[in-house]
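The values are calculated or read from the model by the stated rules, or taken from the named source; none is laboratory data. Everything numeric in this text was worked out from a predicted model, so none of it was measured. No Cβ is skipped: glycine too gets one built from the backbone with ideal geometry, and neighbour counts run over all protein chains shown.
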Amino acid sequence: MTTENRKNAASNEPLVGTESQPELESLALALEAGLSQGDLKSFYQRFRSSHLPFLSGRFARDTASLFRECFAVLHRLGGISAAAAIAVENHYYVSSAIATFPASGQGLSAARIQAVHRLLNEKRLLVANTNAKVHSGKLGEFGVKARRERGGFLISGYAAYTSLATEADLLVFIAQIEGERPAVFFTESLQGNQAIEIGPYLFPNAMIESDTRSITFRELFVPAENVIAPADDEQSEALFAFEMAWHQLLIPVVYLGAAARAIEEARRFLRETRGRDGNPLSELDGMIIDMGRLVLEYDAASSSLWLAARALADVRELPRDAGRLKRAVELSSVAKYTGTRAAEAIVGSARKIIGARVFVGNHVLSRLSQEVMFGPLGPEVSAVIERRAGRQALSELPFLGSNSTDFRRSDNAQTNAKGDA
Ligand SMILES: Cc1cc2nc3c(=O)[nH]c(=O)nc-3n(C[C@H](O)[C@H](O)[C@H](O)COP(=O)(O)OP(=O)(O)OC[C@H]3O[C@@H](n4cnc5c(N)ncnc54)[C@H](O)[C@@H]3O)c2cc1C
């Protein structure tokens, strides 16, 4: 795949909104400057004052275009700091899922989602989220509870993860309603709220720029209309799945941005450095093959990503397209699994090509080397993705059947939309 083909893998349109390009370049410079000064305030000021955080307002209900735009931003930032890009990714995946959720009808979730979408874009808010999970002795435990109180809910408890915690304005969170199922809530006042304590960095070394912190709720009151996805609403489950698909699509973009940067750094090193014979290292056949291997890994992972993005864009109306949503969720989990693993391998191989000088001075691969290993760790843990694939392969249907190998074909969406439902 040539660079141009790679850019156009998803469609014939330019990869990134060309209008966004100057703002994106200026944001990238602000990120580089902020990292060298150890302070990202100016980066976030630049981000907020641009139109980049509010792409979801422009591309509402247009998953394909919105994904392309988010790809451009996250891939670029991921090549500078995967950690900072992860903070931005958390804003993008929530705001994008809300902007493109194709619920039909007048369901409660649909109306609330519309309201949050308007709020984010009209007030130009950044959004953080927490799945309310805790690191306890039992996997999957929720740390946040909601108690019904007149006109709303009282929220209490602790959550391990919130990225963008000290920059975001609005927080979307899950809480377990007492005696009921978990539901999704939001609060518009994350900062300076006496009922919300933003804790110290969860990752105090690598990934510090993701601004990931624990969070504690102390009897935060949220009115009933701040429940985005009520436990008993028929659209809530589809919203969870749709949002997860967005998240698993955008996470690998960040880390593939780091991988692309690693390939670029290896390219520069090999072209600019001469061997003992005086010839550029880039002319050594072994190096050419090594670079080819990295590019092929990158291309394979990117192809999986764009295939999954197209599958999500095919979800145009719910519940009608429930089968397509299932396929998009599966493909996005494949893309996340493949993309984050490939990125880790590519950055590691590029580091070996360049050698110890990666850790000299302020080399970008020093930071990216420490950050890229976080890719495979979430949101879905690898064991869950592997088990799903293993179960499918071991079902009574043969692997060489329409439920296994064929579902990966991009031209097969319609068949599977019916077959998988
Ligand atoms: C940099 C970063 C930023 C994040 N930011 C946010 C954020 O802003 N908001 C948010 O809500 N979350 C955030 N997360 C959390 C993320 O969404 C996942 O919840 C998290 O990464 C899951 O990893 P864990 O180690 O906490 O999982 P755990 O569930 O604690 O799993 C730990 C380990 O147990 C094993 N395991 C777990 N489940 C299974 C299973 N079903 N079967 C077999 N083995 C299993 C696996 O080996 C797994 O690695 C962030 C994570 C990272 C790494």
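Annotations
- From 203, 142, 217, residue being surrounded by 22 or more Cβ atoms within 10 Å (Cβ to Cβ) and either under 25 Å from residue 95 (Cβ atoms) or of a type in the set (Asp, Glu) (or both): 217
- Considering the conditions (1) within 19 Å of the chain's Cα centre (by Cα); (2) over 18 Å from residue 258 (Cα atoms); (3) modelled with pLDDT of 95 or more, residue 24 is excluded by exactly one of them, (2).
- Qualifying residue in segment 113-128 (condition: more than 24 Å from residue 343 (Cα to Cα), touching a helix residue (DSSP H, G or I) at 6+ places or on another chain (Cβ under 6 Å) and at pLDDT below 95): yes
- Checking each residue in segment 88-115 for being in contact with a Leu (Cβ under 8 Å, 6 or more places away or on another chain) and more than 16 Å from the ligand (Cβ to nearest atom) picks out 99, 100, 101, 102, 103, 104, 109, 113.
- Residue 103, sole failed condition from (1) modelled with pLDDT under 95; (2) on the phi > 0 side of the Ramachandran plot: (2)
- Test: residue in segment 157-176 that is away from the ligand (no atom under 15 Å from the Cβ), farther than 25 Å from residue 55 by Cα, within 27 Å of the chain's Cα centre (by Cα) and among the small types (Gly, Ala, Ser): no
- Between 245, 206, 231, the distinction of being in contact (Cβ under 8 Å) with a residue 24 or more places away in the chain and closer than 19 Å to residue 321 by Cα belongs to 245 only.
- Of all residues in segment 148-158, none are under 26 Å from residue 317 (Cα atoms), not assigned by TED's automatic domain parsing to the domain that holds residue 332 and not in a strand (DSSP E or B).
- Residue within segment 126-143 that is hydrophobic (A, V, I, L, M, F, W, C), without any contact (Cβ under 8 Å) to a residue 24 or more places away in the chain and either within 16 Å of the ligand (Cβ to nearest atom) or not assigned by TED's automatic domain parsing to the domain that holds residue 92 (or both) present: yes
- Segment 276-335, subset of a type in the set (S, T, N, Q) and in contact (Cβ under 8 Å) with a residue 40 or more places away in the chain, residue nearest to residue 63 (Cα to Cα): 332
- Tally of residues being of a type outside the set (A, V, I, L, M) and assigned to a helix (DSSP H, G or I) across segment 91-145: 13
- Residue in segment 314-324 that is within 22 Å of residue 376 (Cα to Cα) and assigned by TED's automatic domain parsing to the domain that holds residue 383 present: no
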